1. Just the residues that are at pLDDT 75 or above and out of contact with any helix residue (DSSP H, G or I) (no Cβ under 9 Å at 6 or more places or on another chain), please, taken from the range 88-108.
2. Taking the range 62-87 only, how many residues are more than 22 Å from Arg3 (Cα to Cα) and either at pLDDT 90 or above or of a type in the set (A, V, I, L, M) (or both)?
3. Scanning the range 26-78 for residues that are hydrophobic (A, V, I, L, M, F, W, C) and assigned to a strand (DSSP E or B), which turns out surrounded by the fewest Cβ atoms within 10 Å (Cβ to Cβ)?
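The values are calculated or read from the model by the stated rules, or taken from the named source; none is laboratory data. Everything quoted here is computed from the prediction, not taken from an experiment. Because the Cβ atoms are built from the backbone with ideal geometry, glycine has one as well, and the counts that use them run over all protein chains shown.
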Amino acid sequence: MARTFLLEYEEENGKPVPPQFVYVHDDQLTAAFNMHLDRSWGYKKVEGDPATAARLQERLTAAGLPHSEANHREIHRAVLKVVGEIFGLSLPREEVVSGTLPAVLLEP
């Protein structure tokens, strides 16, 4: 059983590309969306497994997202909180700030 969570930021792009969240379970797309939740840059809604996507979309909506007046950092924090709760993910602050996290970088 392979689970892959991808949080992709494209900081070097000259355009304001929103971060993307993707979850793949056993080579099947389970959930994917852009974290601005603004229907731009690819995903028009949470995509993937219908049950998982619907549950995630419901939780994002219940959290008041998208919130047109919030800045992107606030939206990202709220989205990551929902994603963490649904999928049981956490990133301990101390390890993120001063430690080394396991990661894989794939380039063509």
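1. Gly88, Glu94, Glu95, Ser98, Gly99, Thr100
2. Of the residues in the range 62-87, 6 are more than 22 Å from Arg3 (Cα to Cα) and either at pLDDT 90 or above or of a type in the set (A, V, I, L, M) (or both).
3. Narrowing the range 26-78 to residues hydrophobic (A, V, I, L, M, F, W, C): 29, 31-33, 35, 37, 41, 46, 51, 53-54, 56, 60, 62-63, 65, 70, 75, 78.
From the residues that got through so far, the ones that are assigned to a strand (DSSP E or B) too are 29, 31-33.
On the way: Leu29: 14, Ala31: 22, Ala32: 19, Phe33: 26.
Checked the range 26-78; the qualifying residue surrounded by the fewest Cβ atoms within 10 Å (Cβ to Cβ) is Leu29.
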